[in-house]
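These notes concern the structure reproduced below.
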Amino acid sequence: MSCDDKKPLVHALADGELDVVHAREIEAHIASCTDCAGSFARIMTLKQKLSAPGLRLRAPTGLAERIMAGLPAPVADEMGFEAPRKARLGSWGRSANAWRLRAQGAFAGGLGAFALAACLAFFVMRADTGNEIARSLVDGHLRSLAGEHLFDVQSTDRHTVKPWFAGKLDITPPVPDLALKGFTLVGGRIDYVDGRAAAVVVYGRRTHVINLFVWPGTDPAPPTMELSGYLLRHWTKDGLTFWAVTDLASSELDEFEAAYQAAT
Amino acid sequence: MTEADQREGERFRKLALPLLDEVYTFARYLTRDAGEAEDATQETYLRALRYFSGFSGESIKPWLFTILRNVLRSRDPRRFEPLPQGEGGEAGNVEPLWGETEADPEVQMARADDARVVRELIGRLPSVYREAIVLKEFNDLSYRQIAEVTGVPIGTVMSRLARAREELQTAWFALEKKGQKE
Ligand SMILES: [Zn+2]
């Protein structure tokens, strides 16, 4: 039996490019096909080898300085991270569309190549929706770091932060005390993500900030995204959507999610 | 210089500079030359700053790689030429990566899992396979993002990636066999 039609999906599985349904399907096939199981194992071995240190390279010293020398001087007050949005909306919107059109074109062209690409289509479109939210979440995170709007209520006491949300939104997010797990509650605020109001619970670890966005609903989204160097982690519980955004390492974000989930 | 320019510069600094190592990594694997990679990386950032106001805001990483690729192509128009037999070309013309050749005793003595040897093997892949595997494994781009950067359909990205992996596995196997004989 030839599995040529399965080969691209075996790679896609190894690369984490399949949605859950198709991942299960191909996993089931691998479990019963020694040929594809062998391919999958070889791909994973190779990926392992390529994750060795010394393969991702460091830019030569001095290069960053030379590039920075060509940049406009930093803003003196370190406030206002982003230029006013209206001023830029024209070119912003236009090129976003051009970019999206190109992506769609690239994808449409691929349909002929693999009949099974349909399952990727599903994944790709979902990833697109996720990107808009991710962009909006990271923007909110960056605005908060730029000092524009980190808290509406600043307190390390959960009995102050939690009631503050009541009456301002339809939902009240859980605000567990995670100090023993190494995450300090620093406050809360209301922010807007992709046009909707969200409760934001703010935790800190060392000098890093975790903005936890919470809103009602349980729309599907990828569990983990990375955008512009920031990590986003998504989960749902009790009819609420949670998005944690931070510049902490992924292992520490895991820790945070586990601690928060265990406490709620 | 207006305040808006300064803010734009600050935004660029925060978004783009943390990706410097990644951009350089891609440039280095593509050019196989430290000096050229450094030049191309610097030019990429200068161009990126110039066009930053037109950046879509979705994800800066693929955007930077797209610019880098254009920089590399303008320096060597043949760099990303399609392979002789469509996508199924040979990894025939072997250019040593970073001057490490098989005659190099250090390479011969190196264990097969030495990073230098892996870099050498990747460096021997035809450039369209090489960029696919580097963008996937070292720059963590998704298939969709690699398709955007390289301007080919996702299906082509997938077949290039599969081909790159096959060639690396074959080369690896040959190297290990040789190691056992000695
Ligand atoms: Zn099979």
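The values are calculated or read from the model by the stated rules, or taken from the named source; none is laboratory data. These numbers were taken from a predicted model, which means no experiment stands behind them. Here the Cβ positions follow ideal geometry from the backbone for every residue, glycine too, while neighbour counts run over all protein chains shown. In case anyone asks, the SASA skips ligands and DNA or RNA and just uses the protein heavy atoms, side chains included. Shrake-Rupley method; radii C 1.70, N 1.55, O 1.52, S 1.80 Å.
Overall form of region A:3-50: oblate. Here a/c, set by the Cα gyration tensor axes a ≥ b ≥ c, is 1.5 or more, and a/b is not larger than b/c. Shielding by partners for peptide A:60-69, expressed as the average number of C-beta atoms from other protein chains within 10 Å of each residue's C-beta, is 5.
So, with a 1.4 angstrom probe, what is the percent of accessible area on region B:105-178 that is carbon and sulfur? Answer for region B:105-178: carbon and sulfur cover 54 percent of the accessible area.
Per residue of B:149-162, other chain Cβ atoms within 10 Å of the residue Cβ number 6 on average.
Remark: relative contact order (region B:3-80) = 31 percent; criterion is Cα-Cα distance under 8 angstrom and separation of 6 or more residues. With the simple model of a label 7 Å out from the Cα in the direction of the Cβ, A:Gln261 to B:Glu36 spans 4.7 nm. Chain A and chain B together bury an accessible surface of about 6000 square angstrom, both sides counted, with a 1.4 Å probe and no ligands or nucleic acids included. Looking at region B:1-20, which residues lose a minimum of 50 Å² of accessible area between their chain alone and all protein chains in place, measuring with a 1.4 Å probe and not counting ligands or nucleic acids? Buried on complex formation: B:Gln6, B:Arg7, B:Glu10, B:Arg11, B:Arg13, B:Lys14, B:Leu15, B:Leu17, B:Leu20.
From most to least packed by mean Cβ count within 10 Å, the peptides A:165-171, B:117-123 give B:117-123, A:165-171. The calculated FRET efficiency for the pair A:Cys3 and A:Asp177, based on their C-beta separation and a Förster distance of 51 Å, comes to about 0.45. Given their separation in residues at 0.36 nm each and the Cα-Cα distance between them, B:Lys14 and B:Lys177 gain 54.0 nm when the chain is fully extended.
Heavy-atom surface analysis with a 1.4 Å probe gives region A:196-244 a carbon and sulfur content of 54 percent of its accessible area. With the simple spin-label model, which puts each label point 7 Å out from Cα in the Cβ direction, the B:Asp21 to B:Arg75 separation comes to 2.2 nm. Local charge for A:Asp170 was computed over the other residues whose Cβ lies under 14 Å away, with Lys and Arg +1 and Asp and Glu -1, and equals +1.
Charge dipole (Cα centre; +1 on Lys/Arg Cβ, -1 on Asp/Glu Cβ; no other charges) of region B:1-54 amounts to roughly 180 debye.
The spacing between region B:32-47 and region A:140-187, judged by their C-alpha centroids, is 44 Å.
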